[in-house]
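Scroll down for the structure; my scribbles are underneath it.
Laboratory data are not the source of any read-out in this text; all were calculated from the coordinates shown. Because the structure is a prediction, the values reported are computed rather than measured. No Cβ is skipped: glycine too gets one built from the backbone with ideal geometry, and neighbour counts run over all protein chains shown.
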Amino acid sequence: MKVVKLSDLAKTIRSKNAGTDKITFDIIFREKANYELVKNSGAISKEKIARLYGIEENRISDFVEFDPAYAIKYTIYREKPSGSPGDADIFGSQQYPPLLDVEIQVND
Amino acid sequence: MTSKSLRLICPNGHLGFAPSKRESFDLGAKTKPDFYCCDSGSSDIGPGPLGGDYSASPYEWQKHDLEMMLVAARNQGAPMIIGSAGDTGARSRVDLYVQIIKDLARKHKMAPFKLAYFYSDVPKEYLKNKFNQGEAIEGLDGRKELTLEKLEQTNRIVAVAGIHPYIKALEMGADVIIGGRSSDIAIFAAPAIKDGFPEGLSYYMGKTLECASFCAEPYGAKESIIGEITAEDVKVTAMSPYQSCTVASVAGHAMYERSNPYFEYVAGGMIDMTNCHYEQYDEKTCQVTGPVFVPVEGKIKVKLEGSGKVGERFVGIAGVRDPYTIKHIDKVLDWAREQVKERFGEEGYELYYNVYGKNGVMGKLEPLKESNCHELCIVCQGVAQTREMAEEVTMTGTRQIFYARLPEVKGTAGTAAFSFDEVLPASAAYKWTINHTVSVDDPMELFDLHLIDIKEEVS
């Protein structure tokens with residue numbers, strides 16, 4: 001077994017507003033094999049995401065494995081609506097970086 | 001269906017926000033699409049433009065894209081549809097776009113055509129009447145039912161139109177349509193549904209086209225895309241020479257900016273994409289089959305967006321270099337907050353800090369709790385009812401970072417660096433007060449549709 005980072009397996013890792021009250025995260029793979037690998041590793045789950053971001057699981061509104069696009073997708077409720085005074089990420093586009101270093105166990 | 005297929009071109013995912021690319025649009029226009037469609041709206045720009053009634057995009061960029069589309073559409077004699085005029089789709093933005101269309105018609109000496117436009121603004125009285133009739137205004141995305149208090153905090157409300165005003169405008173013979181706030185999907189679905197194409201495929205085509213080249217790869221915004229619908233499928237083709245619509249890019253786009261890739265809600269129902277099937281049709285084209293439209297049971301629900309003013313706002317910026325101060329930055333900011341509280345009390349203002357170098361971007365979501373940076377940038381925002389008070393709150397909140405009392409700090413001549421010793425006026429602070437739905441008997445009751453003859457207006 002070896003450990004690789006999610007950023008070495010995924011083609012796209014991004015976050016963006018989904019409406020005014022939520023931010024949605026997409027982890028997209030080019031190869032089906034990498035998608036299945038990460039999906040089956042258990043490293044990306046509701047529970048793991050909640051722990052990574054330090055939030056309660058009920059702040060995750062959707063968690064979907066989207067086979068047609070080889071993608072794992074989840075959505076969280078914002079603490080306050082986008083663009084409220086004090087909001088530092090009005091587009092929600094810089095909330096994904098903690099995902100880059102998530103470790104995935106891979107068979108040699 | 002009046003024909004076997006219908007082809008729509010979309011040059012831009014948000015008309016005016018950044019100018020469309022000319023080459024791919026010209027290549028698309030050369031194929032003579034049946035409709036020229038583009039959405040100009042977004043809630044991404046924050047609540048300020050809707051609440052304060054201004055555009056987020058420069059006038060010249062809006063005019064650039066409208067001119068590019070109008071000239072091509074009128075030369076060809078094809079209809080043109082613009083949704084959510086001027087970023088917010090509020091009344092003043094619709095009027096702005098109608099005026100631009102009139103100006104362009106005169107500039108290019110265009111043959112007469114019919115221009116339809118509609119307003120999406122919702123008067124507060126309309127919703128108060130709903131309250132009085134005991135009807136609930138249901139919250140979206142975990143929000144509670146709308147209260148009278150929230151309504152009173154709101155400066156401006158728009159309803160998000162579905163296909164209905166667009167189909168009505170096309171039936172009235174419109175050559176150009178300028179829409180108020182609308183679902184971006186609806187402006188593409190409307191002409192296809194009007195011509196009798198299946199609703200599932202029609203809405204799906206809208207969903208794919210609404211962000212233009214975001215459904216193509218490699219990544220590149222503001223390039224034209226053409227969608228073609230038949231009774232059996234939707235085909236999407238990238239027009240720019242360097243892009244293709246692939247299975248990966250089109251399927252991937254289905255989830256863009258949406259919380260769930262399988263379901264999409266519009267006024268009148270839901271698009272179910274669970275059984276979508278994607279095929280590479282040719283090098284630049286992806287073919288999609290299988291989306292299904294599920295009509296709403298009971299009354300049609302229309303989404304409402306509302307923005308309310310929080311107050312006037314100033315911004316201050318401070319830098320910190322001392323490692324001891326960086327380590328204790330939370331205590332420093334507590335000190336500064338305390339000084340504001342001593343002057344203004346607990347209420348009547350808002351004070352925010354974004355600490356770049358620590359957790360300025362992610363705030364509480366930041367997993368790295370300790371800063372490894374050798375310097376920090378602190379952005380302070382003060383919000384209050386008057387500009388004078390907002391300025392003083394921000395000035396206190398920023399300058400007191402300089403005077404923070406830390407027991408072991410070596411630098412006793414100031415704990416912060418300023419690149420200028422002042423605070424800057426910013427746009428007023430607003431917040432999204434309404435993200436709700438209202439049930440309607442008639443989907444047109446919220447949309448005020450007009451049709452004018454442009455030649456008469458011009459001459």
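Quick rundown of the values:
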item	result
Those Cys residues of the protein assembly as shown for which no other cysteine Cβ falls under 4.7 Å	B:CYS10, B:CYS37, B:CYS38, B:CYS211, B:CYS215, B:CYS276, B:CYS373, B:CYS377, B:CYS380
Gap separating the Cα centres of region B:106-146 and region B:313-384, nearest whole Å	40
Region B:155-176 versus region B:241-289: alpha-carbon centroid distance in Å	25
10 Å Cβ neighbours from other chains, averaged over peptide A:60-67	3
Label-to-label distance, nm, for residues given as B:ARG387 and B:THR31 (7 Å Cα→Cβ offset)	5.2
Where a label projected 7 Å from the Cα of B:LYS299 along Cα→Cβ would reach, residues of region B:238-269 with amide N under 18 Å	B:266-269
Formal net charge of residues neighbouring B:HIS374 (Cβ-Cβ distance under 14 Å; K, R +1; D, E -1)	0
Peptide B:354-360 - average C-beta neighbours from other chains (10 Å radius)	1
Calculated FRET value between B:TYR219 and A:LYS5, using beta carbons and R₀ = 25 Å, to 0.05	0.70
Kirkwood hydrodynamic radius (C-alpha pairs) into Stokes-Einstein, region B:338-459, 37 °C and 0.692 mPa s, D in µm²/s	172
Computed FRET value (nearest 0.05) for B:GLU125 with B:THR147, which takes r as the C-beta separation and R₀ as 22 Å	0.85
Computed [θ] at 222 nm, deg cm²/dmol, chain B (DSSP H ≥ 4; -39,500 (n - 2.57); rounded to nearest 500)	-8500 deg cm²/dmol
Tensor-based shape of region B:22-176 (alpha-carbon gyration tensor, a/c under 1.5 rounded, otherwise prolate or oblate)	prolate
Descending semi-axes in Å of chain B, equivalent ellipsoid built from Cα gyration tensor	45, 26, 22
Prolate/oblate/rounded label for region B:190-312 (Cα gyration tensor, a/c 1.5)	oblate
Shape call, region B:261-388: gyration tensor on alpha carbons, a/c limit 1.5	oblate
Stretchable slack from A:GLN94 to A:GLU57, in nm (0.36 nm times residue separation minus alpha-carbon distance)	11.3 nm
Descending semi-axes in whole angstrom, ellipsoid equivalent of the protein assembly as shown, from the Cα gyration tensor	42, 31, 22
Label-point separation in nm, A:ASP67 to A:THR12, each point 7 Å along Cα→Cβ	2.1
